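I have placed the structure first, in the form of structure tokens, so that the comments after it can refer back to it.
The values are calculated or read from the model by the stated rules, or taken from the named source; none is laboratory data. Just so we're clear, the structure is a prediction, and the values are computed from it rather than from any experiment. Here Cβ is always computed from backbone atoms with ideal geometry, including for glycine, and neighbour counts include all displayed protein chains.
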Amino acid sequence: MMGTTAAAVPWGRLMPEAGREAARIVDSACVRLWLGEVAARLEAERDFLTQLDAAIGDADHGVNMHRGFTAVMARVSAVEEATPGQLLRVAGRTFVSTVGGAAGPLYGTAFLAAGGALGDTERFGPRVLLDALRASLEGVQRVGAASVGDKTMVDALSPALDAYELELRVGGSLETAVNGAREAAVAGMRATIPLQARKGRASYLGPRSVGHQDPGATSTALMFAALEQAVIADRSQRFAAGARRPVSGS
Amino acid sequence: MIQSVGRAARILKALGSESARLGVTELAERLGLAKATVYGLLRTLEAHQLVEQDLETGKYRLGPALLQLGNAFLDNNELRARSLLWAETLAGRAREAVHVGVLYGANVLLVHHVFRPDNSLQILQVGASIPWHACALGKASVAYLEPEARAELLAGPLPRLTGRTLTARPALEAALAAVVETGVAVEDQEAIVGEAGIAAALFDHRGAVVGAIGLAGPVERLLPHGPATEAVTAVKEAARGLSRELGAGRPALPGTGA
């Protein structure tokens with residue numbers, strides 16, 4: 001399943017339902033869960049990402065992302081009291097300073113933009129998270145000038161946010177929204193395979209970039225899969241804690 | 001134009017455009033030709049080892065003779081042959097990857113690539129084709145073209161590859177003027193986010209630009225606070241030495257401060 005053209009997505013399956021109660025807020029604990037989940041998945045998928053990047057890039061995406069997130073986790077763990085926005089800004093700054101290639105500036109900008117949009121709000125609902133994610137997309141597009149269809153991380157990020165927003169609009173919860181986002185991100189990631197790259201090193205290959213899955217879209221899909229899992233895990237932890245932490249908010 | 005040669009070329013390009021192997025039916029559909037026609041062309045190409053058939057699936061892919069032709073293309077490129085030693089030396093001195101490129105239309109074709117000497121995993125970029133306005137090699141070459149040729153490229157499509165790609169004509173004209181002024185072209189994340197380039201043009205015995213040589217690497221190393229002085233010096237010296245070897249005399253070397 002690890003052929004160079006395969007859309008191997010070992011993380012792309014649904015998480016089992018852990019309960020009925022929908023967690024409706026995001027706080028620092030949830031953001032920490034998310035970052036930790038991303039780090040664990042990047043460790044597991046490092047070689048797969050590198051393999052994808054070797055076909056159309058310069059074979060450093062897996063190593064770069066893994067190194068960056070290892071550094072992010074070290075820094076974030078050292079910060080005891082922090083708002084979600086602060087955590088994301090720490091992550092963004094760490095990424096920019098430790099990750100080479102295009103991934104450092106692009107993901108660094110994404111985390112910094114989301115952290116900036118959140119300010120120092122301690123708890124927020126799914127709508128605010130959407131605004132933060134939209135700020136990430138804008139930041140990535142400002143730096144990378146990529147649109148949907150260019151065979152980049154935007155091909156996973158943009159449809160994920162549209163799906164998330166649609167879920168909220170039809171009355172969905174944070175959980176259904178992150179689920180929709182993950183599904184759309186994975187679909188967007190797979191849809192990069194037949195595309196000819198118009199941005200990044202892959203675009204140097206011209207038509208030869210066709211038939212390969214974009215590594216950046218793949219790592220972005222990984223982050224949405226991690227987000228969904230973090231939201232579910234966070235809700236379970238709240239249950240276990242006997243609802244000492246609030247389970248809903250605006 | 002000979003129709004069948006054109007069709008054969010289209011078959012090769014179709015097979016070269018993606019990693020998937022293609023069957024006779026798929027190729028016929030893609031090219032809008034009769035299956036029998038495509039089959040005949042494939043058999044001929046196969047006889048010359050320009051395509052080969054996968055025995056298991058019956059599908060066709062590019063053949064080994066193309067690698068020999070590609071290598072012959074590179075070997076016949078005098079610039080590449082002459083640049084091997086200079087590029088190696090430059091990479092060792094600057095501790096960065098070196099690219100040698102030639103302008104083909106609006107793109108720079110990389111004809112030689114020396115890895116950054118740090119034992120990290122790197123992918124050979126020879127054969128990559130980069131829009132001229134987004135890379136240092138391209139700007140270094142175009143700066144010394146005849147005015148008409150330069151104007152044509154400045155008027156052509158200038159795709160935006162990153163948020164920093166120069167796409168406005170005045171900005172590019174200023175960048176080209178700066179190349180002539182300083183002797184080097186600088187690129188700051190204009191092709192790939194996070195990556196930079198420093199390059200200088202190469203000249204032949206007539207004083208005509210024949211390509212460019214330069215460093216490619218992380219922006220924080222190549223352009224820490226503007227272009228790193230040692231890197232600029234190393235690139236200029238490599239370009240000057242290589243140009244002399246290509247027959248450019250001292251008086252015929254424009255813009256190198258010689």
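Per the listing B:GLU46, B:GLU52, the residue uniquely over 23 Å from B:LEU202 (Cα atoms) and either in contact (Cβ under 8 Å) with a residue 40 or more places away in the chain or in contact with a helix residue (DSSP H, G or I) (Cβ under 7 Å, 6 or more places away or on another chain) (or both) is B:GLU52.
Suppose the filter is modelled with pLDDT of 95 or more, surrounded by 24 or more Cβ atoms within 10 Å (Cβ to Cβ) and part of a loop (DSSP other than H, G, I, E, B); does B:ALA191 pass it? Judged against the criteria, B:ALA191 is a match.
None of A:ASP131, A:ASP150 is outside any helix (DSSP H, G or I) and either within 14 Å of chain B (Cβ to nearest Cβ) or not aliphatic (A, V, I, L, M) (or both) except A:ASP150.
Residue pairs whose Cβ atoms lie under 7 Å apart, sitting 6 or more positions apart in sequence or on different chains, and linking a residue in region B:161-184 that is more than 14 Å from every other protein chain (Cβ to nearest Cβ) to a partner that is among the hydrophobic types (A, V, I, L, M, F, W, C) and part of a loop (DSSP other than H, G, I, E, B), are B:LEU172/B:LEU166; B:ALA175/B:LEU166; B:LEU176/B:ALA143; B:VAL179/B:ALA143; B:VAL180/B:ALA143.
Residue-wise test of (1) more than 18 Å from B:VAL232 (Cβ to Cβ); (2) modelled with pLDDT of 95 or more.
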site	(1), (2)
B:GLU152	yes, yes
B:ALA171	yes, yes
B:ALA199	no, yes
B:ASP204	yes, no
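When residues of region B:124-142 are filtered for being over 11 Å from B:LEU103 (Cβ atoms) and part of a loop (DSSP other than H, G, I, E, B), how many remain? So the count comes out to 5. Flag: A:THR94 does not match the condition of being of a type outside the set (D, E, K, R) and either over 20 Å from A:VAL38 (Cα atoms) or buried (at least 23 other Cβ atoms within 10 Å of the Cβ) (or both). Looking across B:ALA87, B:ALA14, B:ALA72, B:ALA20, one residue alone is at pLDDT 95 or above and at negative phi. It is B:ALA87.
If we keep just the residues of region B:117-160 that are among the charged types (D, E, K, R) and more than 19 Å from B:ALA212 (Cβ to Cβ), which is nearest to the other protein chains (Cβ to nearest Cβ)? Checked region B:117-160; the qualifying residue nearest to the other protein chains (Cβ to nearest Cβ) is B:ARG160. Those helices (runs of 4 or more DSSP H) of region B:1-47 in which at least 2 residues are more than 27 Å from A:LEU205 (Cα to Cα) and of a type in the set (Ser, Thr, Tyr), considering only elements entirely within it, cover B:35-47. For region A:181-232, filtered to residues that are of a type in the set (Val, Ile, Thr) and crowded, with 24+ Cβ neighbours inside 10 Å, the residue that is nearest to the other protein chains (Cβ to nearest Cβ) is A:THR192.
Applying the set (1) under 21 Å from A:GLY211 (Cα atoms); (2) touching an Asp or Glu at 6+ places or on another chain (Cβ under 6 Å) to B:VAL114 leaves exactly one unmet item: (1).
Let's see how each residue does on (1) surrounded by fewer than 20 Cβ atoms within 10 Å (Cβ to Cβ); (2) under 30 Å from B:ALA143 (Cα atoms); (3) touching a Pro at 6+ places or on another chain (Cβ under 9 Å); (4) of a type outside the set (D, E, K, R):
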site: B:VAL5; (1), (2), (3), (4): yes, no, no, yes
site: B:ALA9; (1), (2), (3), (4): yes, no, no, yes
site: B:ARG30; (1), (2), (3), (4): yes, no, no, no
site: B:GLY40; (1), (2), (3), (4): yes, no, no, yes
site: B:HIS48; (1), (2), (3), (4): yes, no, no, yes
site: B:GLU52; (1), (2), (3), (4): yes, no, yes, no
site: B:LEU74; (1), (2), (3), (4): yes, yes, no, yes
site: B:GLU78; (1), (2), (3), (4): yes, yes, no, no
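Restricting attention to region B:99-122, which residues are among the aliphatic types (A, V, I, L, M) and not in a loop (DSSP other than H, G, I, E, B)? B:VAL100, B:VAL102, B:LEU103, B:VAL108, B:LEU109, B:LEU110, B:VAL111, B:VAL114, listed by residue number.
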